[in-house]
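Have a look at the structure below, then the notes.
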Number of protein chains: 2
Amino acid sequence: MAAPIDFYFDFSSPYGYLASERIEAVGARYGRAVTWRPFLLGAIFKIVGTAPLLDYPMKGDYSKRDMLRSARHLGIPFRMPSAFPTASLSAARIFYWLADTRPELAKPFASAIYRRYFVDDQPIEPAEHAIEIAVSLGLERNAIAAALQDPAVKARLKTEVDAGIARGVFGSPFVFVDGEPFWGADRFDQIERWLETGGW
Amino acid sequence: MAAPIDFYFDFSSPYGYLASERIEAVGARYGRAVTWRPFLLGAIFKIVGTAPLLDYPMKGDYSKRDMLRSARHLGIPFRMPSAFPTASLSAARIFYWLADTRPELAKPFASAIYRRYFVDDQPIEPAEHAIEIAVSLGLERNAIAAALQDPAVKARLKTEVDAGIARGVFGSPFVFVDGEPFWGADRFDQIERWLETGGW
């Protein structure tokens, strides 16, 4: 099997959510596994000198409209969360803890977090909300709470964020196919072509 | 005939160039005229708080790659100009002078400017270069030079830029279909769907 696709995203990112609803099907179509890598956009904004989309005059208003329209265009359920943006640290830490201990639950957890926030308009922070999602997947509450405080789990997320930055990740979603970078939920046509042809 | 499509762009914008090579065919397919409206991104960056793409660490490097790849994906000739970005004031002023006096030459002039810069890698500023393009279309050199200094022509461009800002234009290309805004050369699938369905 060819190398996995790397899928970087922030749990607070609407376009990351839209990509998360499509990336597995795209991978499957071309015989590729997909490695999900949540990260924290806040850490990256500081380096790149950008800010959350909705903080920009004009661009912020347009983006809200574009997110809703793009979701309808793709046929993906989406609501603009009442409290947006949100922190996403707890969900990201729980994700990597699951990836290392119960890997079969990591993606279902990520999708459940995304849908809770962008479909049900429910909060994913503070931690109790992310913990609740993990509990609903059958995990033990105390174990999750302990993982969230575990220095090794904290370090795991930090390592992933640093590795993403080192690879040039500056936005969400961000996808690598055999080293080729694609930024945005609107590059899936190019991603598919790259998977099909190996470049053009 | 339904209302024209409004097509806003900056002559220094690679994605604006890519859009300029497609927008007329899209309009024709749905029985729409296209009104071309060059503007000056610099005026807008100040309001929105953004900067030229290539000024951003990481995002700048990615963007150069994405411009080249997107052009290849669309089958549109494209070279990253040696001197990038560029001023685009002279070309924009000549465009509006033509639109008001020799309208049949305005779009050919715009396309010639874009191709000179993004295909032939030749400068479009200072003014002598933009003038040369207009001369090659059969216009009289002294008349163009006079138009560039004409306060009415200067005011015409300023009015267009202000009107664009008032409508929410913050990037290039920026397209309106019956009032619906679309930002980016990567929204043509949604533009076409909107033209076909009137919204969804």
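List of remarks:
- Cα Rg, Dmax, the protein assembly as shown, angstrom units: 23.5, 81
- Region A:5-197, dipole about Cα centre (Lys/Arg Cβ +1, Asp/Glu Cβ -1), debye to the nearest 20: 180 debye
- Applying 1/(1 + (r/R0)^6) with R0 = 25 Å to the Cβ-Cβ distance of residue B:83 and residue B:137 gives a FRET efficiency near 0.60.
- Taking the charge dipole of region B:5-197 about its Cα centre, with +1 at Lys and Arg Cβ atoms and -1 at Asp and Glu Cβ atoms, the residue from B:58, B:28, B:96 reaching farthest to the positive side is B:58.
- The loop-placed GluC sites (Glu not before Pro) in region B:133-200, going by DSSP, that have at most 10 neighbouring Cβ atoms within 10 Å of their Cβ come out as B:140.
- Rounded to 5, the percent of DSSP beta bridges in the protein assembly as shown classed as antiparallel: 60 percent
- When both bridge partners sit in region B:5-197, DSSP labels roughly 60% of those beta bridges antiparallel.
- Value at 222 nm in deg cm²/dmol, rounded to 500, when DSSP H runs of n ≥ 4 in chain A each add -39,500 (n - 2.57): -17000 deg cm²/dmol
- Where the Cα pairs of chain B fall when distances are cut into 5 Å bins, in %: 1, 7, 16, 20, 21, 18, 11, 5, 1, 0, 0
- Note on residue A:104 and residue A:119: their simple-model spin labels are 2.2 nm apart, each label 7 Å out from Cα toward Cβ.
- Per-selection metrics, region A:1-113 (Cα): Rg and Dmax in Å: 15.1, 46
- Each distinct pair of alpha carbons in region B:49-168 adds a 1/r term; the inverse of their mean, the Kirkwood radius, is 15.8 Å.
- Placing a label point 7 Å from the Cα of residue A:178 along the Cα-to-Cβ line, the residues of region A:1-17 whose backbone N sits under 19 Å from it are A:1-7.
Values in this text are rule-based calculations from the coordinates and carry no lab data. Predicted model only: the values in this text are computed from it and were never measured. Quick reminder, even Gly has a Cβ in these numbers, built from the backbone with ideal geometry, and neighbours come from all protein chains shown.
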